[in-house]
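Notes to accompany the following structure.
The values are calculated or read from the model by the stated rules, or taken from the named source; none is laboratory data. In this text, all values refer to a predicted model and were calculated from it rather than measured experimentally. Neighbour counts run over all protein chains shown; Cβ positions are idealised from the backbone, glycine included. Only protein heavy atoms, including side chains, enter the accessible area calculation; ligands, DNA and RNA are left aside. Shrake-Rupley method; radii C 1.70, N 1.55, O 1.52, S 1.80 Å.
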Amino acid sequence: MPTETVYGLAADATNERAVLNIFKIKDRPSFDPLIAHFAHLDHVREFVETIPENLNRLLEQHWPGPLTMLLKKNDRIPEVVTSGLSTVAIRIPNHPMALKLLSGLDFPLAAPSANPFGYVSPTSANHVNDQLGERIPYILDGGPSQIGVESTILGFDENGPVVYRLGGTKVETIEETLGPVKMALNQSSNPIAPGMLKSHYAPKRKVYIGEIEALIDEHKGKKIGVISFFSRHQAVPEAHQIILSPKANLDEAASRLFSALRLMDKLDLDLVLTERFPETGLGRAINDRLKRAAV
Ligand code: TXA
Ligand code: MG
């Protein structure tokens, strides 16, 4: 199903057999919990213990939208969805087709990104079809995903709010409402959120991050692809470079990032060069995904 972030591989979250199928189709390890998607906050309330009062304003501001909240689950959410954790990841996607689908159901949809585990997330129906087309009965085509990077994951520890994954909701806007938030982006050996594994979102082509002109010099003689923020690079064939946002707009760059990485995998290249983006707004999520793609 389409969402505003990336396409999801959806199944009835209350049906264990259906949920297990998601793991099978994605080759996803069972310790990596799923996000449950809803159309309405009232429906969410039936599947969690409570929604803390102090979250009301945040949720009003960001739902529907690219913010996933970790909340204490009740027993209507089966353990397979949460990999045995006591919290469940919940979000209300901001996409008309997804909302229409969800409002016609009396159960939430568990949906991870619709890609084989570890690969770049899909931002169009074609991306999904390229890799999972043979393994799933149908794809709802809702057009290209507007945001283009996954949702921001927000939870709480004993001291307050914690961001577990940078994504489509800007940390700055969360902080305007909740105050300073902590970051826990690199849980290594026993990750709470395996989307945070160091190597993830990894394309096939080797990715290098740095000053693009210098990297071009360093790799002279090789078949080079470039993904840049807004600049063109003379030494690289036009067909082998993708400029994410000629106007230097980070939101636009984020929306085009994953299809750029996928395109590079289709070209005959030795490596892909890219750069560090400004560490603000969606630039943070872009840098995060590029770092994981480059490991
Ligand atoms: O934008 C998105 O969030 C997309 C669309 C389809 O909604 N979904 C998505 O799902 O990115 P997925 O499964 O690829 O990533 C979900 C992440 C995983 O890294 C998982 O570990 C984490 O959420 N997660 C899920 N439940 C969790 C929990 N209870 N505690 C901590 N992390 C959790
Ligand atoms: Mg994923």
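Each residue in the stretch 133-191 was checked for being away from ligand 1 (no atom under 12 Å from the Cβ) and of a type outside the set (A, V, I, L, M), and 24 pass. The lone criterion from (1) within 20 Å of the chain's Cα centre (by Cα); (2) modelled with pLDDT of 95 or more left unmet by G225 is number (1). Against the definition (more than 19 Å from A260 (Cα to Cα) and more than 10 Å from ligand 1 (Cβ to nearest atom)), how does Y119 come out, yes or no? No; evaluated as a whole, the condition is false for this residue. Checked against the criterion of being open to solvent by 40 Å² or more (accessible area, probe 1.4 Å) and under 22 Å from S255 (Cβ atoms), the stretch 53-69 has at least one qualifying residue.
Does V80 satisfy being open to solvent by less than 40 Å² (accessible area, probe 1.4 Å) and within 22 Å of the chain's Cα centre (by Cα)?
yes
Within the stretch 203-222, restricting attention to residues that are within 22 Å of F258 (Cα to Cα) and open to solvent by 90 Å² or more (accessible area, probe 1.4 Å), the residue that is farthest from the chain's Cα centre (by Cα) is E211. Restricting attention to the stretch 140-191 and to residues that are among the charged types (D, E, K, R) and closer than 18 Å to V6 by Cβ, the residue that is most open to solvent (accessible area, probe 1.4 Å) turns out to be D141.
Whenever a residue of the stretch 110-122 is of a type in the set (S, T, N, Q), its partners that are near ligand 1 (Cβ under 6 Å from one of its atoms), lying with C-beta atoms within less than 7 angstrom and at least six residues away or across chains, give the pairs S113/V6; S113/G8; S113/E150; S121/V6; S121/S113; S121/E150.
Has the stretch 256-268 got at least one residue that is open to solvent by 10 Å² or more (accessible area, probe 1.4 Å), assigned to a loop (DSSP other than H, G, I, E, B), modelled with pLDDT of 95 or more and touching a helix residue (DSSP H, G or I) at 6+ places or on another chain (Cβ under 8 Å)? The answer is yes, given that some residue of the stretch 256-268 is open to solvent by 10 Å² or more (accessible area, probe 1.4 Å), assigned to a loop (DSSP other than H, G, I, E, B), modelled with pLDDT of 95 or more and touching a helix residue (DSSP H, G or I) at 6+ places or on another chain (Cβ under 8 Å).
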